[in-house]
Structure formats: C-alpha cells, structure tokens
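Bear in mind these aren't lab numbers, they're just calculated from the coordinates by the rules spelled out. What you see is a predicted model, and the numbers here were worked out from it, not measured in a lab. Positions of Cβ are generated from backbone atoms using ideal geometry, with glycine treated the same way; all protein chains shown enter the neighbour counts.
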Amino acid sequence: MRWTNTLIPTIKEVPADAEIPSHQLMLRAGLIRQLMAGAYTYLPLGWRAIQKAAQIVREEMDAAGAAELHMPALQPLGLFERTQRKEAFGSVLIQFNVPRGNRLIPMALGPTHEEVVTDLISHCISSYKQLPLTVYQIQTKFRNEERPRFGVLRTSEFLMKDAYSFSSSVEQLDEIYDRMYRAYCRIFARCGLKYLPVEAESGPIGGDASHEFMIPADNGEDSIVYCEASGYAANMERADTGRKTPEIKTSPNAAALEKKATPEATSIEQVSKFLGCEPSQMIKTLIYLADGEPVAVLIRGDHEANEGKIRRALEATSVELADEKTIQQVTSAPTGFAGPVGIKCKIIADHDIPLIENAITGANAADMHLLNVNVGRDYQLDTTYDLRNAEAGDPCPKSGEPLSIVHGIEVGHVFKLGTKYTEALDANFLDEKEKRHPIIMGCYGIGVNRIVAGLAETRHDEKGLIWPLSIAPYEVLVIPLNTNEEEVMQTAERYYSELKAAGVDVLFDDRNARAGVKFNDADLIGIPYRIVIGGKGLKNGEIETKWRTAENAEMIALDAGIAPILEALEAKKQEEYQAANVPA
RNA sequence: CGGGACGUAGCGCAGCCUGGUAGCGCGCUACACUGGGGGUGUAGAGGUCGCAGGUUCAAAUCCUGUCGUCCCGACCA
C-alpha cells in the first residue's frame, strides 16, 4: 500500500481527551478516531491490526475443532425474556421497537449470543450422536456502557470472538474446555501478549469452571490476585487466601466492655472518625439473608466482604444483604449499629476477627457502639472462615508466600455454562436410551479489539507503538528519502513491488516529505522493519534496514535484492514465536 | 446515576476574573529555496467562541438552562 493512497492521519500533539498510553498512541498513530463516547472508527491501520488478530483467532479456533458461522446482531427481545436476561442485563441491553406495518417488534442489539446460538442448536440438534459441537463467530457486540472509558478498552460496540460448545456429558464439556483453554493460550502468545490465565467464578458446574485471560497492565480495570512463587492467579471474586483459623480465645489484654453513644455514626468511616480509632480495630457486622435466613457476618473494618465466599461458607444457594426490616428484627436497631454481642441470629466470622483485641462494634442499639469487645468473653465463635477479598500481603493458598495485587485487561474468558440456556430455550438431546436431557454448554469469548489495544498499552516507547510482526498492520515500511531524486524513487519502487510480490505486507511512504517527518511517523506507527533508501546509500550500492526495536540500522547491498530482507523477516518471525512460548 | 473538570479554526491552547473589531503554535493552500530525525521565507484560506434563552447600547467574557467530552466512583452476562 502507498501511504498517499491510504488514510494515516498521525497527530504530533497528545489529544486532550486521551489519558492512557493505548488511547493516546492509537489516536496519534492514526489507528482510531472517536465518533462518540464509546464508539470508535477503526482507520485502515487499526483495522488491519484487528484483522491480523482475527486471523490468528480463526486459525486457532479452527485447529481446536470449532466451526465458524455468523449470527445476526439484531435479535428478538423475546429470547432475552425467556432466559430472564432482559432484567439481568438491564440498561446494558440496547433495545428498541421496530415498526413492521401497524405493529412494533421489540428487538435488541446482541450483547452476546447465548440465546441466539442455543435457539439455533435447539432446532438443529436432537441426538447425542450429533454431539459434541463447537461453533464460533467474530462479530460486533453491543453493550450500553453507562460510562465508556479508556479509549477503545471499554466501548459500547466492540468486536468479539464468541464460541459456544454443546456436549452430552460433563466429561465432554471438560475436554472441550481444556482444548479451548489451550487454544486461548496459543492465540494470546502468538499475538505477542504477556497474558495470565486467572481463576474466575465457579459456575453451576463447580470446580475449575471459569478462567479469565488477563494482560497485566497498570491501567487495567480488573484486579488480579497473583503469586509469583506458585503462579497462582485468581480474580478478586474468586481468590482464596492461605489464612487459617486462629486460636479462638479471649485476649489477656481484654479491657472492660464499654458502651458509647455514637449519634448518627453508622459507617465504619464515620465511627472511626468519631471515636478516633483505626478501621482495623473495628468489626463490621453485615446482616445477610442466606436462603432467607438472617446471618451476621463479621469482617474486620478495613476489609471487603466477599459474597461468593460467604455463600460457600454457609453452603447456601443464594446470599443477599438483608433488608432494613430484617436488620431491625435481628439487632433491635436501625442499620449501622449491628454487632455480635447479643445479636439474635447465627454468626460467622472471618479468620481475622478473633485476632482483634478490644474491638469496636455496633451495640445492637440505635446510635450506640461497644468498645473493648473480645471473643470468648463477649461473643462466641466455634470456627472462622475466609470471607473477605484477598489483599496484598495475604498468604498464597498454594505457596504461603505473600500475594500481590496486579491490574489487568481482560482479553478472554472461558466458562463452563451448564444447562442454564438449554433448559430455558428447550435445547435437548436424546441419549442412547431415548432419554431427554438438556445439552451442556460452554462459552468462550475473546475481545478482539482488546488484543490490539492491549498491545498498544503494553508495547510502546516514548516515540510510539512497537508491534510484533504477527499483528503489525504492515510488516515492512519502505521509505524513499527524497522523492525528487529519480534513482532513489526507482529503487524504492522496485523494493516495494518486489516485496509485495513476495507476499510481504509492505507500506510505501511515497509522501514528498522531509526525512524527519517520515522517520518520526515511522516510529509512531511502529511498523517492525524499516527500509530507508537514500542518495548516500545508493552511491555505496547499499540500502539501510532497521528494526523498530533496534538501536542501530544495518546496511545491506543493493545487489542482494530482497533476499536478505525476506530472510531477516523469517528469522524474526521464528524468534518472536520462540520468545512467545506458544504452548503445543 | 453520584462527585469533579472542560467545550474558542483540523489538533494543542491563550483571551473570560475587570463586557467594547477573535488571537498564538502546529497543521492546511500557493510559490520559492531546502532535502538523512517534524527545515526556511513570502503570500494566503479557515472560527455562528457547543447550543438555547436572559442581562446590556454592546456578550467568547456576566446569569440561567441544555447538550457534549474526559476523569474518579457506582454499574459492567
């Protein structure tokens, strides 16, 4: 492609609205332009990078035995009503009525395709002999983000690869899940990303039912609990800590229980300020309804309760914060003054709770808190649980080494779905004994544009982007230094056409611009291999080549033609593939 | 949806407090010189100051409303 025939609007200054590197660089390098909050145009360079990523995704999905198809983005709203996801999605689901004659048809723009694909499969599959089956598509998804942000990382319209597997047994599902998991590792490695498979929520199937694939990045939205020593990685909802139940006994330093008025101080922050104490000295008493039964959950004041852990500890199917009325019944006080002492319901506590000497808690009376509360003397615990979010420094559940919290960009998610959608939409199969069962599903998503944004976010220097060869919009950039010199232009044209004929993705900077402009743009858009043709070199019978990542250029002889360039590209591809550590 | 900031030429910004002919840099157009890291000169083009209403002889500037964009938080199958 000739530079003058395409659209690469590079920007010298940093756009005011962009804060994070990927957003700034993608704008500056002419990859994207914003249409409105949460909706971006991909310009030729950006779109080519996306297509490269999509192609890698296709190759690996096909190799993993999945079949590509294409489903409508326009979907009947009724499907979402049948799976109850109209409510679950809420304002995220973009919906509207479309006039058809004198009727209005309620529709939605697909935020994902579980409903559509399950509906499809329910009509096509009826026997266990047709299973397992995995299908996928690469398609634009629509989710109304209440607050789009971070440029192209969080938008209301984005390109997603979504795959769905259908199987007749959990064993079949497990096998497909492992295959998808490996395909994902290969995809992200081939794209040149440093990625982390992270344990995520366990679904209805239980066990290792879900992994998120994260790119570690300071500007990532998600928090990952990570242990360098053991490789343990889990998201905040899921992460266990290696803490154990401590000895539960009254502290020898226990001071006399004291009741203190704390008018209108209901939050940890307010009370700690009012009493001049640290939040870590306080016990937060949260009243939950576990399958309808009230339970008091004790968490240290400076910690975050984790509902998933609470649900598992109680062996409940549903857990939600109790309503005002329940709290009033259990604590004899309005919300904000609950405490373990004398509370009228079951109590469970986090591991850290018995360790707090002379704690401060609600007094189960309006506008009152208790000081010097101690376990054993003032309230009783048989055991303790891991009920809070992991924090940096907590022991790793595998190695016992301190955990760290790293931020990440979610680029992929694999999930054992189970039969939620197949039951709701009547997608069944007949087994060998003519018994009907709902098909068992898995779903597997990749944010294709996040692959590109993730690379921009993590691979750049002060001059601009640094693409790996596998995703680079063009592999080679040919720069004739002075377009007025006939010999320079003829030579450059020759290299351009020969490289193109050899199947290399080559961009030809045929602009009549100064060298500085071309070099700076070259660094900004980050094409991996640069070939410079100038008068001085030609006099010596040489042209200059330089890798974007290299410090210095190398001269190669004109006589050699494009052969050394093709060799260098091939060697670099091998080198990148080796370095990426692509699993088998 | 709560909190904060900002809307002036394609981009980055000044002017606003204290109302009185809309400016700077980059980019763009033409010509000339120049030609290995955003070059120089000359001459130009381009703006209903986000939008609406109000105050005033007079509004980019003051007031009210509204729309948009960004950031923090809530939310995110």
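Here are a few things to note about the model shown:
- Summarising the label geometry, the points placed 7 Å from Cα in the beta-carbon direction at A:Glu307 and A:Lys573 lie 5.0 nm from one another.
- Each Lys and Arg adds +1 at its Cβ and each Asp and Glu adds -1 at its Cβ; summed about the Cα centre, chain A shows a dipole of about 900 debye.
- Altogether, the Stokes-Einstein calculation at 37 °C and 0.692 mPa s, with the Kirkwood radius of chain A over Cα pairs as Rh, returns a diffusion coefficient of 118 µm²/s.
- Cα-based shape type of segment A:172-239, given that a ≥ b ≥ c are square roots of the gyration tensor eigenvalues and the cut on a/c is 1.5: oblate
- Here r is the Cβ-Cβ distance between A:Glu171 and A:Arg2 and R0 is 51 Å; the resulting FRET efficiency, rounded to 0.05, is 0.40.
- FRET efficiency for the A:Leu77 to A:Glu145 pair, using the beta carbon distance and R₀ = 25 Å, is estimated at 0.80.
- Across segment A:504-551, Cα pairs under 8 Å and at least six residues apart give a relative contact order of 31 percent.
- Net charge of Cβ neighbours under 10 Å - reference A:Ser251; Lys, Arg +1; Asp, Glu -1: +1
- Stretching the chain fully between A:Val582 and A:Thr250 yields a gain of 114.1 nm (0.36 nm per residue, less the alpha carbon separation).
- Student exercise, segment A:91-183 dipole from Lys, Arg, Asp, Glu Cβ charges, in Debye to nearest 20: 400 debye
- Calculated log₁₀ intensity ratio I(q)/I(0) where the Debye formula runs over C-alpha points of segment A:368-462, q = 0.15, 0.24 Å⁻¹: -0.94, -1.17
- Cα long-axis angle, helix A:114-124 against chain A (0 to 90 degrees, to the nearest 10): 80 degrees
- Length gained on full extension, A:Ile347 to A:Glu320: 8.2 nm, using 0.36 nm per residue less the C-alpha separation.
- Helix-only CD estimate at 222 nm, as mean residue ellipticity for chain A, using -39500 (n - 2.57) per DSSP H run (n ≥ 4): -8500 deg cm²/dmol
- 10 Å-binned pair-distance histogram of segment A:48-118 (Cα, whole percent): 17, 35, 27, 18, 3
- Positive dipole terminus of chain A, leading residue within A:Ser210, A:Pro21, A:Ile50 (C-beta point charges): A:Ile50
- Residue order, fewest to most surrounding Cβ atoms within 10 angstrom, among A:Leu355, A:Leu93: A:Leu355, A:Leu93
- Distance in nm between pseudo-label sites at A:Arg182 and A:Ala88 (7 Å out along the Cβ direction from Cα): 3.0 nm
- Gyration tensor (alpha-carbon) shape descriptor, segment A:445-509, a/c threshold 1.5: oblate
- Net charge of neighbours whose Cβ lies under 14 Å from the Cβ of A:Arg530, counting Lys and Arg as +1 and Asp and Glu as -1: -3
- Segment A:114-233 - Kirkwood radius from inverse mean 1/r over Cα pairs (Å): 17.0 Å
- Binned Cα-Cα distance frequencies in segment A:1-128 - 10 Å width, integer %: 10, 24, 27, 26, 12, 2, 0
- Along the axis of the charge dipole computed for chain A (Cβ charges of +1 for Lys and Arg, -1 for Asp and Glu, origin at the Cα centre), the listed residues A:Met180, A:Trp467, A:Leu93 are led at the positive end by A:Leu93.
- Folded to 0 to 90 degrees: helix A:44-63 orientation relative to chain A principal axis, Cα: 70 degrees
- Cα long-axis angle, helix A:515-525 against chain A (0 to 90 degrees, to the nearest 10): 40 degrees
- 12 Å beta-carbon shell around A:Ile268, net charge (K/R +1, D/E -1): -1
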